[in-house]
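Okay, structure first, notes after.
Derivation of every value follows stated rules applied to the coordinates shown; laboratory data play no part. Bear in mind the structure is a predicted one, so any value in this text is a computation, not a measurement. Neighbour counts are summed over all protein chains in view; Cβ atoms, including those assigned to glycine, are modelled from backbone coordinates with ideal geometry.
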Amino acid sequence: MTELRSNRGPLRVAVLGCGSVGSQVVRLLDESAVDLAARIGVPIELAGVAVRRLDAPREVEVPDGLLTTDALELVSRPDVDLVIETIGGIEPARSLILTALESGKSVVSANKALIAEDGATLFEAAEKAGRDFYFEAAVAAAIPILRPLRESLAGDRVTRVMGIVNGTTNFILDKMDTLGSGFAETLEEAQELGYAEADPTADVEGFDAAAKIAILASIAFHTRVTAADVHREGITEVTSSDVRSAAEIGSVVKLLGIAELVSTGSHDKDAVSVRVHPAMIPRSHPLASVRGPFNAVFVECDAADQLMFYGRGAGGAPTASAVLGDLVTVARHLLSGTTGAGESAYAAREVLPMGQTRTKYHVAIDVDDRAGVLAAVANAFADHDVSIQTVRQEGRGDDAQLVVVSHSATDAQLSATVEQLRGMEIVREVTSVMRVEGGDDE
């Protein structure tokens, strides 16, 4: 491990990647140089920027001589003190971060996918090297959420983290709610406005949100949670009818990332439930008012009670803001010869399978409009110990629609109920099944 160069001179920073985030980091390093020096105690100097192509168009102009295609050489250089990784993905990001740490550099990353897949390897490498690995920008961009969970709430017991952590899906669902638009046309609008990628799979299928909630769960519950542990459902199956049904019960549909402690009968053996899926939440809930591409994370604790963190959860400049916040902290640690909080996984709680997770459900069923149907449907719910909270029936000639809202039940109980309903002669179709979150009966 290399020693930190004399702290009487500037700290030199290498940036990996110069896309939407990396370019804004480079810009802010230049524009905020005086303020950063005052906050840290020494100047910050850009040592190099690693890119795939030297001739690619960029949002900012990088000073002559700083661009390089040899990222490995850059992170290994003895004159580099800190590395900022903004290239994303698994490789070569993982290898470059590990090399940087092994070479004695502290690292700031915005890489949610890598941290959610293999964060343990990175944390162990940072601990072994005696250096920092910080990643506030990996979840919800400019919204400060990881540091409050790791530091401000370190003396409290967090019981639930529920958030809107993907701006693309929130924009789509918000438009479907306010304008009555369909999914396909709203996705097209999101792409035209730059809120969705040409290939929106990571967003609309919930992969992006799953990585973020895995990171949040790991920190909140001191347990290693990976993206593979997260039950994931996207919003491609959400229809205008689902959105209207939510409105009829005073709710709105959101794609939620949810991580919560689940009692197993022993306080020190609580398990963790982690999931991403669309859900109806009451319009009175703070998350229901989060509009457009904005993000918000709602945290529940024993002592602090309820907290919400809100803001722009994506974009080059907001994400770069979080990166530079970490940079200031890590630079101060380097100058003082200390490190910040590393991984906390002492609790090692079990991650529950989705079948054991409890919530309420909204189920829409097309049935024959004749006597005894309601009783038969109610019996199907009772057969699997799913208690009904409300039932609404709408007649439409020879058929009718029943809308059932259940009390809290496990996913396995509800799935068995729906399977039984679909096999009943009187049921023409189970048209919609959606979870209901954020109410009193959780």
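Observations on the model:
- GNM top mover of Ala137, Ala322, Ala120 - the chain, alpha-carbon springs below 10 Å: Ala120
- Hydrodynamic radius by Kirkwood, which averages 1/r over all alpha carbon pairs of segment 261-351, in angstrom: 17.2 Å
- Span from the segment 50-84 Cα centroid across to the segment 102-166 one, whole angstrom: 24 Å
- Largest GNM mean-square fluctuation across Ser406, Ser289, Ser20, computed for the chain with C-alpha springs under 10 Å, falls on Ser289.
- Added length on full extension, which subtracts the Cα-Cα distance from 0.36 nm per residue, Asp70 to Asp399: 111.7 nm
- For the chain, a Gaussian network of Cα nodes joined below 10 Å ranks Leu72, Leu187, Leu261 by mean-square fluctuation, and the top entry is Leu72.
- P(r) tail, segment 146-313: Cα-Cα pairs separated by more than 26 Å, 28% of all pairs.
- As a proxy for reagent exposure, Asp369, Asp203, Asp79 were ordered by neighbouring Cβ count within 10 angstrom, fewest first; the result is Asp79, Asp369, Asp203.
- Taking a ≥ b ≥ c as the square roots of the eigenvalues of the alpha carbon gyration tensor, segment 377-430 is oblate, as a/c is not under 1.5 and a/b does not beat b/c.
- Extension gain, Asp79 to Ser289, is 70.8 nm, computed as 0.36 nm per intervening residue step minus the present C-alpha separation.
- Helical segments meeting 27 Å axial Cα length and Kyte-Doolittle -1.0 threshold in the chain (DSSP H): 316-336
- Cβ-based exposure ranking for Ser76, Ser109, in which fewest neighbours within 10 Å come first: Ser76, Ser109
- Contour minus Cα-Cα distance for Asn379 and Glu350 (0.36 nm per residue): 7.0 nm
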